[in-house]
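One structure is given below, encoded as structure tokens.
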Amino acid sequence: MSTIRKFENRATEELVENKLVGLLHSSAGQEAVAAGVCANLSNDDYLTSTHRGHGHSIAKGVAIRSMMAEIFGRSGGANRGKGGSMHVADFAVGMIGANGIVGSSIPLACGAALKAKITGSDQVAVSFFGDGAANQGVLHESMNLASIWKLPVIFVCENNLYAQATPSDYAMSVKDVAVRAQGYDIPSTIVDGMDIIEVYKAANIAINRARSGGGPTFIEAKTYRYEGHFAGDNPLRYRLTSEENQWRERDPISNFKTKIREENQVTDYEIDNIDIDIDKSLDEAVDFAKRSPQPDKLDLFSDVYSSYPMNQLDVGGIRDQ
Amino acid sequence: MINENTTGLFAPQQGRKLRYSEAQKEAITYSMRQDEKVFIMGEDIVGAAGRSDLGFSDAWGPPSRSTQGLFTEFGELRVLDTPISEAAFIGAAIGSAAVGMRPIVELMFIDFVGVCMDQLLNNASKIKYMLGGQVDIPLTVITRMGAGVGWGAQHSESIYSLLVHLPGIKVLAPSDAYTAKGLLQSAINDNDPVIFCDHKKLLNVSSVVPEEPYELPIGKARVMRKGYDITLVGISYMTSVCMEAANILESQGIDVEVVDLLSLSPIDDSTILESVRKTGALIVVDEDNPRCGMASDIISMVAEKGFKDLKAAPRMVTAPHTPVPYSQALESLYVPDANRVVSVAKKVMEKKI
């Protein structure tokens with residue numbers, strides 16, 4: 001969780017400091033959901049994510065240096081600089097893609113789960129999405145498909161109360177997204193998304209159910225996005241400071257630190273050392289990103305297809321310059 | 001498997017005749033036997049799903065009937081009937097392809113692309129690129145198109161140009177049973193997303209199809225008849241229309257070359273340019289709507305690369321910029337036919353320098 005928080009804050013700082021052009025969507029405040037769910041997964045399990053996906057990628061095991069380099073648009077990035085913040089993927093750890101279209105990655109997770117079903121493996125797929133995607137038709141189609149085929153997929157809705165600047169109590173016909181899963185006969189649960197233990201336990205039940213052929217589960221995690229929709233957005237134009245403060249008092253990281261100090265006798269020294277290590281690894285990631293070369297010009301044309309005539313990609317006058 | 005170098009893009013003169021849809025089924029069946037990663041899903045590709053307890057199975061097959069019998073051979077895990085949820089099942093096909101499967105998916109009619117366009121536009125076409133080449137998306141989408149059968153505005157379009165427009169996607173439009181089998185085999189074996197467009201009017205047309213499996217090259221057009229006065233480029237069923245027009249024009253002393261495009265993306269620009277270099281005149285016959293379509297695309301390509309060879313202004317013979325009408329009186333006006341091609345060809349020839 002601390003790695004996610006520090007990564008989000010550092011990425012935003014670097015964006016401003018280095019005048020990078022990318023769109024960043026910070027998940028600060030929502031760390032417990034990513035970390036609590038992904039702690040149950042192995043590299044063989046699949047994960048799809050959203051435009052607000054840094055936390056999911058980190059929790060799934062994507063190296064922060066390759067994520068930072070991706071945000072810098074460099075060739076050493078997770079996607080060789082061709083995707084950016086919203087499209088981070090690393091198949092080596094089962095992170096099969098963040099996605100910039102709200103709701104669009106949900107059926108992809110169903111497809112990964114379908115592979116597990118067809119091939120008879122015990123892999124599962126997790127799809128993270130927000131309350132905004134709860135109003136996309138494709139979620140509903142996907143829930144129905146997952147239910148009738150008993151796909152090993154876990155739908156995790158991070159309900160952070162806002163779809164961009166639109167409150168979910170305005171845009172959604174129900175208070176809890178989870179009730180919508182009932183319409184598809186999918187077991188659902190609502191958890192405190194600020195409490196990693198609670199998220200972990202709910203995900204554990206869901207993932208075990210999926211692995212043992214019990215089909216999909218829907219988890220709604222009530223959480224909060226500390227920052228604006230994107231880096232540079234001022235959320236106080238559409239929500240109250242008092243609301244922000246209430247959620248920050250329930251901060252998943254500081255509360256978890258308190259808990260492990262009290263219940264597990266973890267010392268301040270140990271916790272501080274973890275934070276110091278994270279800071280070092282972030283320095284190293286930024287350094288790696290800055291030193292990573294820009295993509296080769298020919299990379300403009302690579303990876304569009306596995307095979308295609310170059311003269312039909314390189315059109316539009318580029319060669320005449 | 002024999003390859004195109006021995007067969008060429010033309011069927012043997014003699015041999016077993018098969019309907020287009022049966023030829024297609026051979027390619028699907030062979031692929032599924034060869035590779036366990038290949039599976040197929042779509043709406044009613046089996047029919048009566050879940051009703052085997054009542055003795056029902058294989059009730060339908062898609063409109064082409066090209067999947068009938070697959071369920072019996074390959075079972076419910078590899079031949080899946082889907083709910084009418086194109087966004088979900090085409091998205092799921094894309095997701096499965098990203099993790100190593102080779103899905104074939106049925107989009108019943110190309111008009112229905114609207115309900116799954118996000119999955120094709122934002123996922124199928126872009127995933128490989130956005131992810132820096134980490135994965136291929138070996139997806140085959142089989143869909144149906146074509147007017148002239150009275151199915152109205154939402155079951156009759158040939159709007160492949162919407163998909164040709166997308167980098168990352170390949171689009172094929174075979175013109176007979178022989179090319180249907182070979183190109184579908186190539187599409188399934190290809191590592192990129194391929195949209196495979198069947199024309200309704202071709203599904204029951206029989207021609208010679210070798211029994212053994214074979215691939216045909218993606219991105220190659222074929223010259224159906226040689227001529228020196230004017231080039232007609234046909235797409236899918238329009239190639240038959242071009243051939244009919246060519247026979248009429250021949251009787252009127254005009255020597256026509258017909259190019260059967262077969263592959264819309266990538267496109268065989270060199271075969272078209274070579275033909276225009278010889279004839280100096282070009283008509284593209286395309287059942288799609290005219291704006292930003294294949295016909296305008298081909299003509300602009302020839303204007304850029306073969307301007308000096310043109311001895312008359314190129315023309316498009318296409319559907320009008322309207323939806324497909326239902327009334328037969330109107331629909332017969334909508335779909336390009338041989339008479340329209342002949343009239344336009346004669347005008348082009350009159351103005352040829």
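What number does the protein assembly as shown give for Rg over Rh if you use C-alpha atoms and the Kirkwood radius? We get a ratio of 1.03 for the protein assembly as shown. Which of rounded, prolate, oblate describes the range B:17-208, given a ≥ b ≥ c as roots of the alpha-carbon gyration tensor eigenvalues and a/c under 1.5 marking rounded, otherwise prolate only if a/b is larger than b/c? The shape class here is rounded. The sum of -39500 (n - 2.57) across all DSSP H runs of n ≥ 4, divided by the residue count of chain A, sets its helix-only mean residue ellipticity at 222 nm to -13000 deg cm²/dmol.
Computed over chain B, the per-residue total of -39500 (n - 2.57) for DSSP H runs of n ≥ 4 gives a 222 nm mean residue ellipticity of -9500 deg cm²/dmol, rounded to 500. Among the GluC sites (Glu not before Pro) found in the range A:232-321, those both in a DSSP coil and sparsely packed, with 11 or fewer other Cβ atoms within 10 Å of their Cβ, are A:Glu249. Taken along its three principal axes, the alpha carbon spread of chain B comes to 69, 45, 42 Å, from the longest extent down to the shortest. The Cα atoms of the range A:94-169 define a convex hull whose projected area, averaged across directions, is 5.1 nm².
The spread of Cα positions in the range B:161-266, taken along each principal axis and listed from longest to shortest, comes to 46, 34, 23 Å.
With a threshold of 27 Å on the Cα-Cα distance, the over-threshold entries among A:Lys150/B:Lys37; A:Lys297/B:Lys308; A:Lys60/A:Lys115 are A:Lys297/B:Lys308. Ordering B:Ser270, B:Met224, B:Phe71 by the projection of their Cα atoms onto the charge dipole of the protein assembly as shown, which places +1 on the Cβ of Lys and Arg and -1 on the Cβ of Asp and Glu, puts B:Met224 at the extreme positive end. Run through the DSSP bridge list for chain A and note the antiparallel percent, rounded to the nearest 5. Here the antiparallel bridges make up roughly 10 percent for chain A.
Contour minus end-to-end for B:Asn191 and B:Lys311, with contour as 0.36 nm per residue of separation and end-to-end as the Cα-Cα distance? Please list the in-between numbers first.
Numbers: separation 120, 0.36 × 120 = 43.20 nm, distance 4.05 nm.
So the chain would gain 39.1 nm between B:Asn191 and B:Lys311.
Set the Cα radius of gyration of the range A:32-160 against 2.2 N^0.38 Å, with N its number of residues, and you get 1.00.
Of the peptides A:7-14, B:12-19, B:317-324, the order by per-residue mean of other Cβ atoms within 10 Å, starting with the highest, comes out as A:7-14, B:317-324, B:12-19. Placing a pseudo-label 7 Å from each Cα along the Cα-to-Cβ vector at B:Arg291 and A:Phe91 gives an inter-label distance of 3.9 nm. Placing +1 on the Cβ of every Lys and Arg and -1 on the Cβ of every Asp and Glu, with nothing else charged, gives the range A:2-295 a dipole about its Cα centre of roughly 920 debye. Over the range A:164-321, the hull volume per residue, using the convex hull of the C-alpha atoms, is 269 Å³. Within the range B:67-113, the percentage of alpha carbon pairs spaced more than 18 angstrom apart rounds to 34%.
Under a Gaussian network description of chain A, with springs only between Cα atoms under 10 Å, the residue in A:Asn255, A:Asn160, A:Asn18 that fluctuates furthest is A:Asn18.
For a modelled paramagnetic label at B:Ala153, 7 Å from Cα along Cα-to-Cβ, the residues of the range B:96-134 in reach, with backbone nitrogen under 18 Å, are B:110-115. When +1 charges are put on Lys and Arg Cβ atoms and -1 charges on Asp and Glu Cβ atoms, the dipole computed for the protein assembly as shown relative to its Cα centre reaches about 1440 debye. Sequence-ordered 3J(HN,Hα) estimates for the range B:101-111 from the Karplus curve with 6.51, -1.76 and 1.60 and θ = phi - 60° stand at 7, 10, x, 10, 10, 9, 10, 3, 9, 5, 4 Hz, glycine and proline given as x. Amide H to amide H, with H built 1.01 Å from N, B:Asn289 comes under 5 Å of B:Ser158, counting only residues 5 or more places away or on other chains.
Find the percent of Cα-Cα distances in the range A:155-217 that exceed 13 Å, and round it to a whole number. Result for the distance tail: 67 percent. In the range A:1-146, a dipole from Cβ-located charges (positive for Lys and Arg, negative for Asp and Glu) runs towards its positive end, and of A:Ala92, A:Gly137, A:Ser27 it is A:Ala92 whose Cα lies farthest in that direction. Sequentially through the range B:29-34, phi angles give Karplus couplings (6.51, -1.76, 1.60; θ = phi - 60°) of 4, 4, 4, 6, 6, 6 Hz, Gly and Pro residues having no value and appearing as x. Taking amide hydrogens as placed 1.01 Å from N in the peptide plane, the amide H of B:Arg144 sits under 5 Å from those of B:Phe109, B:Ile110, B:Asp198, each at least 5 positions away in sequence or on another chain. Using the alpha carbons alone, the radius of gyration of the range A:222-293 stands to its Kirkwood radius in an Rg to Rh ratio of 1.11. Close amide H partners of A:Val191, meaning residues 5 or more places away or on another chain with modelled amide H under 5 Å apart, are A:Glu220, A:Ala221, A:Lys222.
Shown here is the pair-distance distribution of the range B:158-202: with all Cα-Cα distances grouped in 5 Å bins from zero up to the longest one, the shares run 5, 22, 30, 24, 16, 3 percent.
Backbone geometry of the range A:221-236 corresponds, through the Karplus equation with coefficients 6.51, -1.76 and 1.60 at θ = phi - 60°, to 3J(HN,Hα) couplings of 9, 7, 8, 8, 8, 5, 8, x, 4, 9, 4, x, 7, 9, x, 6 Hz, x marking Gly and Pro. Compared with the dominant principal axis of the Cα atoms in chain B, helix B:86-98 is inclined by about 80°.
Using the alpha carbons of the range A:2-295, what is the convex hull volume per residue in cubic angstrom, as a whole number? Present the calculation step by step, with values, prior to reporting the outcome.
Details: hull volume 36.4 nm³, N = 294.
Spelled out: Cα convex hull of the range A:2-295, divided by residues, is 124 Å³.
Put a dot 7 Å past the Cα of A:Thr267, heading toward its Cβ, do the same for B:Ile353, and the two dots end up 9.2 nm apart.
Projecting the Cα atoms of A:Gly215, A:Asn245, A:Asn204 onto the dipole axis of the range A:182-256, where Lys and Arg carry +1 and Asp and Glu carry -1 at the beta carbon, places A:Gly215 farthest toward the positive end. Note on chain B: antiparallel DSSP beta bridges, both residues inside, total approximately 20 percent of the bridges counted.
What is the range B:282-353 by shape, rounded, prolate or oblate, if you read a ≥ b ≥ c off the alpha carbon gyration tensor as root eigenvalues and call it rounded for a/c under 1.5, prolate for a/b larger than b/c, and oblate otherwise? Note, shape of the range B:282-353 comes out oblate.
Based on the Kirkwood approach, the hydrodynamic radius assigned to the range B:222-351 is 14.4 Å, with every pair of different Cα atoms included.
For the range B:41-147, chymotrypsin sites (Phe, Trp or Tyr not before Pro) are listed when DSSP marks them as loop and at most 13 other Cβ atoms sit within 10 Å of their Cβ; the list is B:Phe56. On the basis of the beta-carbon distance and an R0 of 41 Å, A:Asp299 and A:Arg248 show a calculated FRET efficiency of 0.50. Scanning chain A for DSSP H helices at least 18 Å long along the axis (C-alpha atoms) with a Kyte-Doolittle mean no lower than 0.5 picks out A:106-119. Rounded to the nearest 20, the Cβ-based charge dipole of the range B:195-288 about its Cα centre (Lys and Arg +1, Asp and Glu -1) stands at 140 debye.
Hydrodynamic estimate: the Kirkwood radius of the range A:71-114 over Cα pairs, inserted into Stokes-Einstein at 37 °C and 0.692 mPa s, corresponds to D of 295 µm²/s. Would you mind telling me the antiparallel percentage of the DSSP bridges in the range A:112-266, rounded to 5? Bridges in the range A:112-266 that DSSP calls antiparallel: roughly 10 percent.
Please find, in a Gaussian network model of chain A (springs between Cα atoms separated by less than 10 Å), the residue of A:Asn264, A:Asn99, A:Asn135 whose mean-square fluctuation is greatest. Most flexible of the set in this elastic network: A:Asn264.
Laboratory data are not the source of any read-out in this text; all were calculated from the coordinates shown. Source: prediction; values computed, not measured. Neighbour counts are summed over all protein chains in view; Cβ atoms, including those assigned to glycine, are modelled from backbone coordinates with ideal geometry.
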